[in-house]
Amino acid sequence: MINKHPEALAFNHIFIAGIEGKRFDINIKDGRFSSIAETEPPKDQPAHPGQDLWISPGVIDLHTHLAWTDFDHEDQLKRGSHELEVMQAEAFEATLRTGVTTARDAGGILPSTVRHLVQHYQQPLRVQTSSAMLGAADARGLKVLEGRLAEIFDTGAGWIKIMATGGLGAPTEKVLEPIFSEEEFSFIVRHAHAHHKKVLVHTWGGVTVDWSIAAGVESIEHGMFLTGDQAGRLAESGTAFVPTTSIYSIAADPKGVLALNPVICDRAARAAEAHSKAIGYAKKAGVRIGFGTDYATPALHGYNLQELDTLMDYGMTRAEVWQAATKTAAEILGSGNELGRISSGYLADAIIFNADPYQASNAEELRKSIVSVITGAEESELIQAQ
Ligand SMILES: [Zn+2]
């Protein structure tokens with residue numbers, strides 16, 4: 001159930017996820033937390049096992065592709081425009097239902113599409129957009145890039161996405177080769193920042209990680225071949241790292257929901273293996289790690305919480321993964337002052353669980369314990385939010 005912009009809502013004796021043994025009375029007014037006060041458990045009433053509730057901030061997924069419907073873009077092109085729109089609305093709904101209240105779309109959705117889905121399909125998902133992605137076809141000098149950037153600025157996107165290296169489509173020995181020249185790369189970042197746009201960089205590793213740090217991008221994505229030295233410099237510069245780990249273990253499984261061919265599965269398996277090391281380096285260096293899934297198909301939208309499991313498999317603690325998905329993710333979006341925390345004055349984007357989310361043995365159990373999802377913003381705020 002989605003509880004959209006509650007005018008007034010109160011929870012008594014509720015637990016806050018991650019704060020053990022304390023109960024709170026929480027009030028929401030006009031879509032924001034208005035008061036949070038610690039309270040004693042009800043004395044005169046017997047305990048009601050199974051009736052306790054927990055609240056966590058809504059999850060923020062920093063890397064989704066909400067407009068994509070197929071792993072291969074060719075397959076998406078075969079679909080009609082109405083079919084696509086319905087599928088995109090379903091992606092919004094599934095994403096919200098699993099407790100993701102804010103998403104940064106890493107390419108493929110236009111702000112105008114987000115507005116349409118929020119308004120006409122009544123899906124109150126907060127989405128920051130990057131519209132198109134700059135990639136190999138755009139690596140034709142600064143003039144071409146300037147024109148492409150102007151087109152993206154015109155869409156109203158808040159982010160510029162740079163495909164700095166290959167991905168699963170590239171042969172292993174070539175995947176770290178830069179797509180752009182260093183001059184083109186730093187031009188994009190400079191030009192984006194001059195227009196008050198933030199920059200996220202798809203890079204599997206190599207020299208484009210160094211370029212990203214030097215140019216001052218907001219976040220690097222995937223980064224499985226990150227080195228220990230680069231992790232140190234990412235931490236020092238405050239550049240965020242959104243590893244999107246689970247998608248590679250899903251893609252590596254030939255029998256999994258993506259069912260990819262053996263060559264791609266093999267590349268994904270190598271990526272997944274490298275990722276666990278990259279997370280280790282990043283954690284040790286104190287890099288700001290943000291939660292992102294890179295989910296892009298109907299079989300994956302709505303299962304975003306799986307990323308928590310994979311990050312924990314790779315060595316992060318439960319408290320760290322929740323922080324990556326809430327407070328830190330909000331800060332990476334530049335919204336740390338109103339999103340990502342159960343705190344007075346903050347937007348009431350939240351998940352209500354009927355079991356302690358910090359005790360869930362996996363994402364599936366966690367997902368099934370969701371009672372409702374609250375989104376604080378009004379529709380008019382959401383359609384201006386990109
Ligand atoms: Zn992506």
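The values are calculated or read from the model by the stated rules, or taken from the named source; none is laboratory data. Here the structure is a predicted model, which means the values were calculated and not measured. So basically every Cβ, Gly included, is an ideal-geometry build from the backbone, and we count neighbours across all protein chains shown. Heads up: the accessible areas ignore ligands, DNA and RNA and are worked out on the full protein's heavy atoms, side chains in. Shrake-Rupley method; radii C 1.70, N 1.55, O 1.52, S 1.80 Å.
Going through (1) free of Cβ contacts under 8 Å to residues at least 40 places away in the same chain; (2) of a type in the set (A, V, I, L, M); (3) open to solvent by 40 Å² or more (accessible area, probe 1.4 Å) one by one, VAL189 falls short only on (3). Consider segment 279-296 and keep the residues that are under 16 Å from LYS327 (Cβ atoms) and open to solvent by 10 Å² or more (accessible area, probe 1.4 Å). The one that is nearest to the ligand (Cβ to nearest atom) is ILE289.
For segment 221-231, indicate whether the set of residues that are among the charged types (D, E, K, R) and surrounded by 22 or more Cβ atoms within 10 Å (Cβ to Cβ) is non-empty. Yes, segment 221-231 contains a residue that is among the charged types (D, E, K, R) and surrounded by 22 or more Cβ atoms within 10 Å (Cβ to Cβ). Just one residue in the set GLU38, GLU83, GLU74, GLU93 is in the same structural domain as TYR358 (by TED's automatic domain parsing), more than 16 Å from the ligand (Cβ to nearest atom) and charged (D, E, K, R); that residue is GLU38. The number of residues in segment 298-336 being within 15 Å of the chain's Cα centre (by Cα) and either of a type in the set (Gly, Ala, Ser) or part of a loop (DSSP other than H, G, I, E, B) (or both) comes to 15. Which ones in segment 70-91 are crowded, with 22+ Cβ neighbours inside 10 Å and within 20 Å of SER246 (Cα to Cα)? Within segment 70-91, just ALA91 meets the criteria. When ILE289, ILE250, ILE220 are checked against the criterion of being touching a residue at least 40 places away in the same chain (Cβ under 8 Å), in the same structural domain as ARG97 (by TED's automatic domain parsing) and under 17 Å from LEU168 (Cα atoms), a single residue qualifies: ILE250.
Output the residue which, of all residues in segment 58-69 that are within 21 Å of HIS120 (Cβ to Cβ) and open to solvent by less than 20 Å² (accessible area, probe 1.4 Å), is farthest from the chain's Cα centre (by Cα).
THR69
Counting residues in segment 136-145 that are away from the ligand (no atom under 15 Å from the Cβ), open to solvent by 40 Å² or more (accessible area, probe 1.4 Å), under 18 Å from TRP204 (Cα atoms) and free of Cβ contacts under 8 Å to residues at least 12 places away in the same chain gives zero.
Quick one: count up the residues across segment 188-231 that are away from the ligand (no atom under 16 Å from the Cβ) and over 22 Å from GLY156 (Cβ atoms). Here the count works out to 16. Output the residues belonging to segment 341-386 that are buried (at least 17 other Cβ atoms within 10 Å of the Cβ), small (Gly, Ala, Ser) and part of a helix (DSSP H, G or I). Answer for segment 341-386, where residues must be buried (at least 17 other Cβ atoms within 10 Å of the Cβ), small (Gly, Ala, Ser) and part of a helix (DSSP H, G or I): just ALA363.
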